[in-house]
1. So if each residue of separation counts as 0.36 nm, and I subtract the Cα-Cα distance between residue B:187 and residue B:59, what length gain in nm does that give?
2. In square nanometres, what is one fourth of the surface area of the convex hull spanned by the alpha carbons of the protein assembly as shown?
3. From the Cα gyration tensor of segment B:15-92, with a ≥ b ≥ c the square roots of its eigenvalues, which class applies: rounded if a/c is under 1.5, or else prolate if a/b is larger than b/c, or else oblate?
4. With a cut-off of 8 Å between alpha carbons and a minimum separation of six or more residues, what is the relative contact order of segment B:414-464 in percent?
5. Please get the size of the charge dipole for segment B:15-92, origin at its Cα centre, with Cβ charges of +1 on Lys and Arg and -1 on Asp and Glu, quoted in debye to the nearest 20.
6. Return the calculated 222 nm mean residue ellipticity for chain B, to the nearest 500 deg cm²/dmol, obtained by summing -39500 (n - 2.57) across DSSP H runs with n ≥ 4 and dividing by the residue count.
7. Which three extents, in angstrom, do the Cα atoms of segment B:407-497 have along their principal axes, listed largest first?
8. Which value, in debye to the nearest 20, describes the size of the charge dipole of chain B about its Cα centre when Lys and Arg Cβ atoms bear +1, Asp and Glu Cβ atoms bear -1, and nothing else is charged?
Amino acid sequence: MEIDTQSPLPQGTVTIHVRHDLVSVDALLKTCYWFSRDFVCDVSRDSEKQSTVRLKPKAGSDHPLDEAQEQFMAAALDFALRERVTVQTLSVRDLLLAKAFSESGVLEEQPLGVFGDAVEEAKPDGMFKILSNS
Amino acid sequence: MARSFYPAEHYAPEPQQVSLLPFRFARLSGQELLVNEAGEFLFAPEGTTQSLADGVVDVRSELYKDLKAKHIVFDDTSSPLLDVLATKIRTKYDHLSGGTKLHIFVVTLRCEHSCHYCQVSRQTATKGEFDMSEATADRSISLMLDSPSPHVTLELQGGEPLLAFDIIQYIVPRAKEQAQLRGKGLDIVVTTNLACATDEMLTYFRDEGVRVSTSLDGPAFLHNKNRPRPGNDSYERAIDGIERSRAILGFNNVAALMTTTAASLDHVEEIIEEYVRRDFHTIFLRPISPYGFALKTKTKTGYEMERFLEFYKKGLNHILAINRGGYRLTEIYSQILLSKILTPQGTGYVDLQSPAGQAWNVLVYNYNGDVFASDESRMLAEMQDWTFRLGNVHRDNRHSLFTSEAALNMFEVSCNQSLAGCSDCAFQSYCGADPIYHHATQGDMYGHRPTSGFCKRNMEVIKHLFAFINEDDPQTMGIFWAWLTGNPLPVQVAKCD
């Protein structure tokens with residue numbers, strides 16, 4: 001990501017170019033969501049590989065613009081990181097929740113999913129067993 | 001002959017495959033706070049989440065052991081513990097089991113007070129048509145006991161419920177009799193300002209096992225300012241009522257709650273001192289609900305959440321100082337959150353539940369039989385907003401209440417796990433979803449977290465508590481644990497000059 005300091009900008013506006021190999025569109029929009037308290041976030045998709053965000057402080061916002069640039073980029077990278085963790089843990093999360101609630105009788109249908117841990121698969125009452133019941 | 005042993009690696013082999021478990025993170029005080037699906041947390045160095053996502057964490061490090069112990073990662077040596085994690089998650093969500101536990105009966109809208117912030121569109125004390133009828137009381141009792149919960153709490157509320165003491169005397173024995181017939185446990189509480197409480201009423205409550213919850217907003221100047229009534233003697237009557245209630249019902253059967261108005265904000269220490277002076281051992285620093293008359297009279301009572309948070313933080317510091325001095329005083333909101341952060345337990349506190357506790361864990365039966373998802377939604381109805389009216393005791397049963405359009409609309413946005421702004425939040429398992437608050441304050445049940453007072457309050461309070469936890473001062477943590485366990489306060493550490 002980079003901050004565009006060259007282009008002529010409306011006063012009090014900052015432009016940030018976001019590369020989607022680093023930050024996905026979803027992660028970018030989540031970042032904009034949180035910044036929408038203090039800024040108008042104008043997002044445009046330049047190409048498959050890049051979007052541009054223009055942050056303009058809302059009336060009454062006392063959020064310093066130079067700080068906002070850094071904070072926006074840090075927040076976007078954090079959302080990208082969260083996305084990676086979510087992708088890596090999605091299956092096991094579904095299974096943990098299924099197990100947590102199925103034993104209390106709340107969940108009537110077992111979810112589909114894959115759980116690749118050999119030790120767990122070998123257990124007669126393990127989570128893999130619950131999955132295979134579906 | 002030398003005895004040979006297996007090498008240490010035989011007993012603790014290095015893991016061959018490390019996998020991540022679901023967790024969320026936040027950056028606090030130059031560290032990363034990692035929180036797993038059950039709410040267990042770990043403060044870790046900056047960069048830990050990146051290392052985990054990249055799969056480059058050192059499996060021989062102390063940090064790795066901590067990550068395993070906190071169910072952030074698992075490997076071929078720890079996968080059996082996934083069952084434990086599932087059990088911990090189930091424990092955290094225990095509030096979902098059993099059905100609605102708290103049932104609030106609004107026995108009258110009449111009240112002799114005229115508080116600016118009153119959450120009820122009160123009626124004058126002589127209008128009997130705003131009292132609950134016996135037929136409505138009967139149906140409400142029946143619906144209450146239709147809850148699958150084996151133990152329910154009946155809260156008698158108003159208006160000022162003691163103005164309708166006759167209907168209280170009708171409800172209490174019938175509720176007890178019906179609960180016994182159905183094999184259910186029953187607690188009864190009356191929420192009253194005590195201004196009209198006679199010794200005969202209090203004796204009745206003692207004999208029937210009814211506990212008293214009252215209001216104390218602080219010292220006389222503040223309480224009387226917040227709670228005007230003829231004679232301007234609300235405080236004097238409340239104190240007299242508290243003393244007589246304690247004498248008749250027993251000390252532990254009388255509790256007090258305060259409401260924070262704009263007038264309260266500069267007086268948090270005086271409010272706390274008043275609770276100590278009156279020998280209370282709990283205090284709930286809670287903001288005014290943005291409903292009912294509080295919304296209508298915003299200029300008189302309203303304030304920004306920032307100002308409330310200053311009030312809360314200053315108040316908590318003062319409360320901790322009082323505890324350090326040996327007087328046990330628990331701040332309830334902190335206690336609820338600390339319980340969610342530091343113990344496997346969830347909470348019965350409706351506002352901090354996900355799925356939201358409204359309707360699931362509380363139902364309100366209005367004087368005219370209308371059933372609401374919470375007391376706040378009844379307040380909205382008094383402002384002609386019927387969004388959260390689930391039905392009426394004379395037309396509906398439990399099934400139709402819970403499948404009403406009002407209920408289903410609310411349930412759809414009641415899980416913070418799936419709400420924008422909450423789904424990635426590290427504090428998700430400590431917080432709740434409050435569709436009624438967001439409907440009232442933002443005109444949208446779903447809510448917009450960046451501008452939500454609910455989100456701001458809980459984020460700030462949780463961060464504040466985590467700052468104490470991270471600091472790990474033995475005295476402060478000892479006080480927190482004493483609040484959670486009921487154990488004695490930590491002994492004051494002697495200071496040497």
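Readers should treat all values here as calculations from the given coordinates under stated rules, not as data from a laboratory. These numbers come from a predicted model, not from an experiment. We place every Cβ from the backbone using ideal geometry, glycine too, and count neighbours over all the protein chains shown.
1. 40.9 nm
2. 37.8
3. Since a/c reaches 1.5 but b/c is at least a/b, the shape of segment B:15-92 is classed as oblate.
4. Once normalised by length, the contact order is 29 percent.
5. 300
6. Mean residue ellipticity, 222 nm, calculated: -12000 deg cm²/dmol.
7. That gives 60, 25, 22 Å along the principal axes, largest extent first.
8. The dipole magnitude comes to about 360 debye.
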